[in-house]
């Protein structure tokens, strides 16, 4: 309505000027019958109002459409009033919609291709990695261990990218079932054996309750705990010699704590460590921080319905909790 | 001697894998004709097949089905694919086990041996007991025995693990990381001190069979075996 009035205000003003001019000329010409002048003024006004009402009713939807912002793409395809301008708008919107749709499909395809490419590429890289690992075994120390350290880093990096790609399709890629938490932690520790040894760290599992089972996806949970372990190791090398795992039940919720006694996280960074690409003070000081690890952990936790919390004191260490409910 | 067929299109990986497998006393053939593997299979008649999934012409699943038509020998898939679906497919197509790349040779060997044991029985496996040997010094890792100059003594599991690595790495240095990794198991995590203690024990065991000063400590790196006998 507002838009309609705004658009027609000029017409109304012109009409008023026109009527007053006509009446003025008639008046100056000596015609003095006030009733007739008023009557003709009334008639002029009446036709104007009739015209405006008719015009507005025919184009009501059209004006509504113009003044209400579009929220979804499909909204652009609503039917229009059966007037020329409405049809024209409709055609324009439809053309735009189609154009967008086409570009969406093209972009979607490109992204899909990119994801498939990444997936294939990562898998392809694993063969040369295996070859390097086997060849490195024939070298003398300390080169053999040094090679192994680098291939392990490559492996961890590839793994992260692989999981990042999978995160986009996580809806089709997770199966919630009962997971034995202690067993999972032991598997993660086995998997990271070399990392612990290299950094002189010893995992310590503290089971406050035995036989803790949680509803989760084993693969993704394994990934989450691995990421936490890798962080814990990275930030406690040379500062302490243990990483603690605490399994407990609080208020009916199972809680898994991964605690390190390393450098800790500065207060101003704690809030943002789960943001993508955020590396913070520690990330800048230590090498190979991508700022992706904790972001992925958080994303996965959200999908699985777990909560993740962190407490940390600079110089004393950090504790990451995964809360299952 | 039990025969193992390796089907892997990456030549280098295949050769290295073959080298590892040969160390354990198996006869190895690397498949080369990827459009007609069955020919090689039928001539060689392997006891076990290590099969890659991504191959030129046909994939590993196809070859596994072909093998299953003529033989029930164990087939272990080796693949970079880690998806659950691929593992399911591997087993559905007649595979017995699945190893993902990159793999550690120890895991491959452990799986190979367990599959062979299951398929052909303990007896067959025992017939060719593994012996790690260097210049007359013999270790029998399965019996936990060390033998030199007709003198045989028993060793503990940890000592055997350390001696095995020392012998296998000879003349190179056995890295402390490798040694610790071998000594760690599920529950007990071993620290540097425990390793030192175990090395001392190994030295004593060497003395018992009449070998002195054979294990040299290389600080921060590991230990090296010297042939002093």
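Measure nothing but the geometry: give the 0 to 90° angle between the long axis through the Cα atoms of A:181-191 and the longest principal axis through the Cα atoms of chain A, rounded to 10°.
Approximately 70 degrees, to the nearest 10.
Which residues among the range A:152-173 fall inside the zone where the amide N is under 13 Å from a point 7 Å beyond the Cα of residue A:139, along Cα→Cβ?
Zone members listed by number: A:152-153.
Can you give the angle from 0 to 90° between the axis of helix A:293-304 and the longest principal axis of chain A, with both taken from C-alpha atoms, to the nearest 10?
Tilt relative to chain A: about 70 degrees.
Based on alpha-carbon atoms only, what is the radius of gyration of the protein assembly as shown relative to the globular estimate 2.2 N^0.38 Å?
In units of the 2.2 N^0.38 Å rule of thumb, it is 1.55.
In vacuum, with every alpha carbon of the range B:93-170 counted as one equal point scatterer, what does the Debye formula give for log10 I(q)/I(0) at q = 0.15, 0.21, 0.28 Å⁻¹? Two decimals, please.
Evaluating at q = 0.15, 0.21, 0.28 Å⁻¹ gives log10 I(q)/I(0) of -0.66, -1.05, -1.27.
Which whole-angstrom value gives the distance between the alpha carbon centres of the range B:1-74 and the range A:264-325?
Between the Cα centres of the range B:1-74 and the range A:264-325 lies a distance of 46 Å.
Suppose a student asked you for the relative contact order of chain B, using Cα pairs under 8 Å spaced at least 6 residues apart; what percent would you report?
12
Would you please give the FRET efficiency between residue A:210 and residue B:133, computed as 1/(1 + (r/R0)^6) with r the Cβ-Cβ distance and R0 = 35 Å, to the nearest 0.05?
0.15
Ignore the peptide's own chain and count Cβ atoms of other chains within 10 Å of each Cβ in A:120-130; give me the average, rounded.
Values: counts 2, 0, 2, 9, 3, 3, 9, 12, 5, 4, 13.
Whole-number average of other-chain Cβ neighbours for A:120-130 is 6.
How far apart, in nm, are two points set 7 Å out from the Cα along the Cα-to-Cβ line at residue B:194 and at residue A:230?
2.6
Suppose we look only past 32 Å in the calculated P(r) of chain B. What percent of the Cα-Cα pairs does that tail hold?
I get 31 percent for the Cα pairs in chain B exceeding 32 Å.
Please state the shape class of the range A:226-275: rounded when a/c is under 1.5, otherwise prolate if a/b exceeds b/c and oblate if not, all from the C-alpha gyration tensor.
Verdict is oblate for the range A:226-275.
Exposure proxy check: A:57, B:30 ranked by fewest other beta carbons within 10 Å?
Ranking A:57, B:30 by Cβ neighbours within 10 Å, fewest first, gives A:57, B:30.
Give me the one-decimal nm value for the distance between modelled label points at residue A:119 and residue B:120, 7 Å along each residue's Cα-to-Cβ direction.
3.9
Other chains' Cβ within 10 Å of A:54-61 residues: what's the mean?
That works out to 0 on average.
Provide the FRET efficiency to the nearest 0.05 for the residue A:37-residue A:3 pair, computing r from the beta carbons and using R0 = 35 Å.
The calculated FRET efficiency here is 0.50.
Between the helical axis of B:60-70 and the dominant principal axis of chain B, each derived from Cα atoms, what acute angle in degrees is found, rounded to the nearest 10?
Approximately 80 degrees, to the nearest 10.
Using r as the Cβ-Cβ distance of residue A:323 and residue A:268, and R0 as 22 Å, what FRET efficiency do you calculate, to the nearest 0.05?
Working: r = 24 Å, r/R0 = 1.11.
Once the sixth-power term is evaluated, E becomes 0.35.
Hey, what does the equivalent ellipsoid look like for the range B:132-225, semi-axes from the Cα gyration tensor as sqrt of 5 times each eigenvalue, largest first, whole Å?
Values: eigenvalues 83, 45, 27 Å².
Three semi-axes, in Å: 20, 15, 12.
With the Cα gyration tensor of the range B:3-121 giving a ≥ b ≥ c as the square roots of its eigenvalues, does the rule (a/c under 1.5 for rounded; else a/b larger than b/c for prolate; else oblate) give rounded, prolate or oblate?
It comes out rounded by the Cα gyration axes.
Let me confirm one metric for peptide A:189-196, namely the mean number of other chain beta-carbon atoms within 10 Å of its residues' beta-carbons.
Partner-chain Cβ atoms within 10 Å, mean over residues of A:189-196: 3.
Kindly identify the range B:1-72 as rounded, prolate or oblate by the Cα gyration tensor criterion: order the square roots of the eigenvalues as a ≥ b ≥ c, call it rounded if a/c is under 1.5, otherwise compare a/b with b/c, prolate if a/b is larger, else oblate. Intermediate results must be reported in sequence, preceding the final value.
Numbers: a/c = 2.06, a/b = 1.24, b/c = 1.66.
Oblate, since a/c reaches 1.5 and b/c is not below a/b.
Laboratory data are not the source of any read-out in this text; all were calculated from the coordinates shown. On a predicted model such as this, the values are computed, not experimentally measured, just so you know. With ideal geometry, Cβ positions are generated from the backbone for all residues, glycine too; neighbour counts draw on all protein chains shown.
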